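Notes follow once the structure below has been shown.
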């Protein structure tokens with residue numbers, strides 16, 4: 001009985017196995033005779049490159065009775081989209097092309113433009129593909145700067161802001177030295193140093209920061225820096241620290257982080273000659289210089305160190321002028337427009353006053369204005385062309401004083417206009433109206449700033465120009481029965497300071513209102529008439545501007 005069970009048990013095992021095998025074969029046979037599948041480039045539901053039954057295929061697109069992996073139109077690759085800056089893997093060719101991309105066979109790692117690198121955009125950095133870098137550069141309007149030599153995101157971010165300063169710590173296991181450098185300078189130092197030296201860059205920190213535990217600490221030394229205005233502290237290693245501020249000499253925080261000019265003492269002032277603050281400002285009139293006893297620019301001994309904000313202002317003719325101010329020279333020669341005088345501009349620069357003459361013969365004049373600033377008015381001056389040439393041709397006040405076209409003034413008195421046919425003077429009144437029959441109540445347009453002439457040159461135009469103001473005034477006198485046989489003025493009496501019927505008395509006056517008017521008009525035209533030049537020397541002609549043909553006693 002025991003053996004028969006054993007056989008019975010032994011025989012039952014292979015029958016059980018056979019039943020399973022038949023069942024599996026039956027399932028495979030059903031799949032083989034089922035509905036066939038196709039590779040549809042697009043299904044009716046909108047999906048791309050799917051293995052589906054034939055009734056789910058969008059017949060407007062390609063299809064094949066095989067797996068999509070075996071077709072050319074549904075091969076998978078990388079879609080490079082330059083506009084979006086993306087590299088999409090496992091993308092069918094048709095899908096890529098329909099989305100304005102460029103299909104490339106292969107994985108992104110095999111395509112150069114899809115390799116990851118460091119994209120530098122100004123003071124920013126991103127670890128992206130070259131395609132993405134071009135897209136970002138176009139969006140920000142900067143040049144593409146793609147670095148393939150930087151292979152990690154940490155190194156990429158560290159390469160941003162290469163000019164930012166900080167503490168570059170050099171640790172060789174024996175000491176921790178430090179230098180205040182830019183990030184780029186510290187990185188270059190790292191590549192050239194020995195492998196035993198560990199180099200760290202700490203953005204925004206000073207070498208004297210206690211947290212860095214370096215050999216450098218605070219000191220009382222100061223210095224000037226080339227191309228900078230301010231006075232700076234130095235640490236014990238000779239590195240620059242922050243702007244000199246005597247009140248912060250023992251302030252740990254001030255010796256830890258780099259401070260901007262705006263974060264330093266009195267940022268809105270020039271701090272000229274300050275013993276405690278080195279925040280100089282060249283535009284406001286100060287810059288860093290060594291303290292010198294007895295020097296007007298540096299009269300103040302600083303509380304610490306040997307440098308101060310030197311005063312760049314000027315003192316001229318008892319007046320103070322700011323650094324950079326310009327003003328018109330003020331002298332009797334210029335005010336009176338004497339022969340040989342010139343307009344000039346004075347400049348205060350670095351504590352010294354220099355003279356910049358305008359063009360000779362007063363072809364240029366000096367004009368001055370002022371600008372309101374936080375520290376008061378700031379004077380400015382410039383030389384510009386003297387537009388006097390067509391003044392004498394203007395016959396009315398409005399045109400004469402039109403400052404946009406000319407530099408002229410309306411001078412009340414005898415006119416210098418003449419009739420084109422007869423050459424006789426035309427008298428124009430103050431309104432610019434022609435006075436019939438002449439008279440002495442006219443007006444004329446003359447240069448506002450009298451020009452200069454080369455009056456010594458016989459071939460020059462000086463004589464012709466001065467003759468414009470030349471005029472004769474014939475004064476008539478009579479005597480007879482009606483005058484008691486005594487002389488009385490009978491015509492043009494105003495030329496000698498008389499009224500009609502007046503007697504000359506002791507003689508005819510050589511100075512009168514008419515004479516003064518003609519003299520002023522003569523002087524206004526330029527270097528005309530008898531004058532003393534700008535150095536006080538009288539001209540070689542000393543005769544009066546008025547000539548009287550006959551003197552009546």
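Using only alpha-carbon positions, what ratio does the radius of gyration of the stretch 118-159 give when scaled by 2.2 N^0.38 Å?
So the Cα radius of gyration is 1.01 times the expected 2.2 N^0.38 Å.
Over the stretch 165-311, with a single point scatterer placed on each C-alpha, what log10 of the ratio I(q)/I(0) does the Debye formula yield at q = 0.14, 0.16, 0.18, 0.19 1/Å?
Each listed q maps to, in turn, -0.66, -0.81, -0.96, -1.03.
First obtain the Kirkwood hydrodynamic radius of the stretch 340-419 from its Cα pairs, then insert it into the Stokes-Einstein equation at 20 °C and 1.002 mPa s, and state the resulting D in µm² per second as a whole number.
This corresponds to a translational diffusion coefficient of 139 µm²/s.
Quick check: convex hull of the Cα atoms in the stretch 240-361, volume per residue, rounded to a whole Å³?
That works out to 121 Å³ per residue.
Arrange the peptides 256-265, 201-210 so that the one whose residues have, on average, the most other Cβ atoms within 10 Å appears first.
Per-residue Cβ counts within 10 Å, averaged per peptide and sorted highest first, yield 201-210, 256-265.
Under the 0.36 nm per residue contour assumption, what length would be gained going from the current alpha-carbon distance of residue 283 and residue 123 to full extension?
Here the answer is 54.8 nm.
Taking just the alpha carbons, could you work out the radius of gyration and Dmax for the stretch 48-165, both in angstroms?
18.9, 69
Post the alpha-carbon centroid distance, the stretch 84-137 to the stretch 345-367, in whole angstrom.
63
How are the alpha carbon pair distances in the stretch 319-385 distributed across 5 Å bins from zero to the largest one, expressed in percent?
Taking every Cα pair in the stretch 319-385, the percentages come to 4, 19, 25, 24, 15, 10, 4, 1, 0.
Whole Å is fine, so just give me how far the alpha carbon centre of the stretch 153-224 lies from that of the stretch 395-414.
The distance from the Cα centre of the stretch 153-224 to that of the stretch 395-414 comes to 72 Å.
Can you compute log10 of I(q)/I(0) for the stretch 158-226 with the Debye formula, treating each Cα as one identical point scatterer, at q = 0.18 Å⁻¹?
Once normalised to I(0) and log-transformed, intensities are -0.70.
For a protection proxy built on the mean count of beta-carbon atoms within 10 angstrom, sort 319-326, 305-312, 474-481 highest first, please.
Output ranking for 319-326, 305-312, 474-481: 305-312, 319-326, 474-481.
Ranking request for peptides 399-405, 109-115: highest mean number of other beta-carbon atoms within 10 Å first, then the rest in descending order.
Highest-to-lowest ranking by the protection proxy: 109-115, 399-405.
Read the figures in this text as sums done on the coordinates, not as results from a lab. Computed from a predicted structure; not experimentally measured. When we count neighbours, we look across all protein chains shown, and the Cβ atoms used for this are built from the backbone with ideal geometry, even at glycine.
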